[in-house]
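What follows is a short report on a single structure.
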Ligand SMILES: NC(=O)c1ccc[n+]([C@@H]2O[C@H](COP(=O)([O-])OP(=O)(O)OC[C@H]3O[C@@H](n4cnc5c(N)ncnc54)[C@H](O)[C@@H]3O)[C@@H](O)[C@H]2O)c1
Ligand SMILES: [Fe+2]
């Protein structure tokens, strides 16, 4: 079975309504003054208020930094660091999707690690930990609340990079699906496909092991079962709960088994063209799966079977074919556009492909893929999905 290495938060509380235990979690950790790192939409939707009401009722003072942008940048991180230093905060609460949670993580570890955040790009491991981080997801997509990863975009080099290590693992995760009912159709679809990609890539990764397999195999059928229902009816509690659980399980899987080629190629699309993370994954998932299936047929066939895209009567090769078809159908149902239909500039896209391929390979993710691509093959895949 091989050796597995797992890092995870000290405290995980999960279930509908569990955000009401936020003050209790802080008290259990002996913390008394959090900076809440979030974005303005979440303030407007009242999600931040749900948590601050709980803190106020417990007599806990707090501050709010609501300047996080989607695909947070190094400059956004600097603003967050300044907000933290402006008072005597003793911990960071990251409340939101991957963008606020990752910003919260980076604020914490950059308080104690000198230099610029790009100095710590993966594969460097950032182990020196800053103030405790309490992460409260509201998208149920990235799984960042359980992962050792953090993604920041460099404004100077137009690059979206991974940061990783013990210092990027939350101290506590408070996972309450009730936040997710306000997600609109597009964000629901994109974040669900992000989770699905985490689970699939963790399962076929060269770094997969029995512990991560269990999480990935649980997450995939939950997403396949609930994603369309959650998109059609945002208030469907069963679907929302299933997707949130799956996002966290997929996070636990890929945090420790790593992602692979889809994520490697997705980050450069996000950095150069500002396509939402889950959407750029979706644009790539069927084509990259088709490119890779032949190199790990039994693993991909398992994915097809647990998601009921293939049956136990199908042999592995047939199941792999049905998986690619099933992912294409899912993209159609979730109205995933090709890059050309998303309004990306054609000339710029094709001119940037060599740099994007280089950045994808440099991230290390493609090297975990069952079929490790060359730079030319990555460029071809980018052309194929255009
Ligand atoms: N650290 C990790 O392990 C990890 C893993 C995957 C992706 N990421 C990164 O996370 C970022 C993407 O995160 P994301 O997909 O969660 O989206 P996000 O945090 O960027 O948010 C996307 C949009 O959804 C809105 N939103 C959030 N919650 C909502 C809710 N409950 N209702 C309505 N609107 C809501 C936000 O305000 C924002 O406008 C990217 O930078 C990506 O690279 C990190
Ligand atoms: Fe992701």
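The values are calculated or read from the model by the stated rules, or taken from the named source; none is laboratory data. Keep in mind that this is a model prediction, so the values were computed, not measured. So basically every Cβ, Gly included, is an ideal-geometry build from the backbone, and we count neighbours across all protein chains shown.
Which one of these is over 15 Å from the mean Cα position of the chain (by Cα) and within 12 Å of ligand 1 (Cβ to nearest atom): 206, 228, 267, 240?
From the options 206, 228, 267, 240, the qualifying one is 240.
Can residue 285 be described as within 12 Å of ligand 2 (Cβ to nearest atom), in contact with a helix residue (DSSP H, G or I) (Cβ under 6 Å, 6 or more places away or on another chain), closer than 15 Å to residue 71 by Cα and assigned to a helix (DSSP H, G or I)?
Taking the combined requirement at face value, the residue does not satisfy it.
Among 333, 302, which is the only one that is touching a residue at least 60 places away in the same chain (Cβ under 8 Å), under 24 Å from the mean Cα position of the chain (by Cα) and surrounded by fewer than 20 Cβ atoms within 10 Å (Cβ to Cβ)?
Of the residues listed, the single one that is touching a residue at least 60 places away in the same chain (Cβ under 8 Å), under 24 Å from the mean Cα position of the chain (by Cα) and surrounded by fewer than 20 Cβ atoms within 10 Å (Cβ to Cβ) is 333.
Hey, any hits in the range 134-152 for a residue that's away from ligand 1 (no atom under 12 Å from the Cβ) and surrounded by fewer than 24 Cβ atoms within 10 Å (Cβ to Cβ)? Break it down stepwise before answering.
As a first pass, look at the range 134-152 and keep what is away from ligand 1 (no atom under 12 Å from the Cβ): 134.
Filter once more, so that each one left must be surrounded by fewer than 24 Cβ atoms within 10 Å (Cβ to Cβ): none.
No, because not a single residue in the range 134-152 is away from ligand 1 (no atom under 12 Å from the Cβ) and surrounded by fewer than 24 Cβ atoms within 10 Å (Cβ to Cβ).
Collect the residues in the range 103-131 that are within 19 Å of residue 6 (Cα to Cα) and either more than 16 Å from ligand 2 (Cβ to nearest atom) or surrounded by 24 or more Cβ atoms within 10 Å (Cβ to Cβ) (or both), keeping them in residue-number order.
Selection gives 105, 123, 124, 125, 126, 127, 128, 129.
Does at least one position in the range 295-314 carry a residue that is within 13 Å of ligand 1 (Cβ to nearest atom) and under 20 Å from residue 363 (Cβ atoms)?
Among the residues of the range 295-314, not one is within 13 Å of ligand 1 (Cβ to nearest atom) and under 20 Å from residue 363 (Cβ atoms), which makes the answer no.
If you scan the range 160-193, which residues turn out to be crowded, with 21+ Cβ neighbours inside 10 Å, outside any loop (DSSP other than H, G, I, E, B) and away from ligand 2 (no atom under 16 Å from the Cβ)?
167, 172, 173, 174, 175, 177, 179, 180 - these are the residues of the range 160-193 that are crowded, with 21+ Cβ neighbours inside 10 Å, outside any loop (DSSP other than H, G, I, E, B) and away from ligand 2 (no atom under 16 Å from the Cβ).
Can you tell me which residue is nearest to ligand 1 (Cβ to nearest atom) among those in the range 74-102 that are in a loop (DSSP other than H, G, I, E, B) and buried (at least 17 other Cβ atoms within 10 Å of the Cβ)?
97
Can you confirm whether the range 211-223 contains a residue that is within 24 Å of residue 70 (Cβ to Cβ) and touching a helix residue (DSSP H, G or I) at 6+ places or on another chain (Cβ under 6 Å)?
The answer is yes; a qualifying residue exists.
Could you say whether any residue in the range 373-380 is exposed (fewer than 15 other Cβ atoms within 10 Å of the Cβ), assigned to a loop (DSSP other than H, G, I, E, B) and either over 24 Å from the mean Cα position of the chain (by Cα) or in contact (Cβ under 8 Å) with a residue 24 or more places away in the chain (or both)?
yes
Right, residue 208: within 16 Å of ligand 2 (Cβ to nearest atom), in the same structural domain as residue 364 (by TED's automatic domain parsing) and modelled with pLDDT of 95 or more or not?
no
Let's see how each residue does on (1) surrounded by fewer than 24 Cβ atoms within 10 Å (Cβ to Cβ); (2) in contact (Cβ under 8 Å) with a residue 24 or more places away in the chain; (3) under 27 Å from residue 16 (Cβ atoms):
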position	(1), (2), (3)
210	yes, yes, no
230	no, yes, yes
241	yes, yes, yes
245	yes, yes, yes
260	no, yes, no
269	no, yes, no
274	yes, yes, no
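Here's the yes/no breakdown for (1) away from ligand 1 (no atom under 15 Å from the Cβ); (2) in contact with a strand residue (DSSP E or B) (Cβ under 9 Å, 6 or more places away or on another chain); (3) modelled with pLDDT of 95 or more:
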{"residue": "160", "(1), (2), (3)": "no, yes, no"}
{"residue": "178", "(1), (2), (3)": "no, no, yes"}
{"residue": "187", "(1), (2), (3)": "no, no, yes"}
{"residue": "193", "(1), (2), (3)": "no, no, yes"}
{"residue": "213", "(1), (2), (3)": "yes, no, yes"}
{"residue": "220", "(1), (2), (3)": "yes, no, yes"}
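For residue 200, which of the numbered conditions (1) within 16 Å of ligand 2 (Cβ to nearest atom); (2) in contact with a helix residue (DSSP H, G or I) (Cβ under 8 Å, 6 or more places away or on another chain); (3) not assigned by TED's automatic domain parsing to the domain that holds residue 305 fails to hold?
(3)
Among the residues of the range 42-73 satisfying the criterion of being part of a loop (DSSP other than H, G, I, E, B) and closer than 23 Å to residue 114 by Cα, which is farthest from ligand 2 (Cβ to nearest atom)?
68
Since residue 259 meets every condition but one in (1) outside any helix (DSSP H, G or I); (2) more than 30 Å from residue 354 (Cβ to Cβ), which condition does it not meet?
Going through (1) outside any helix (DSSP H, G or I); (2) more than 30 Å from residue 354 (Cβ to Cβ) one by one, residue 259 breaks only (2).
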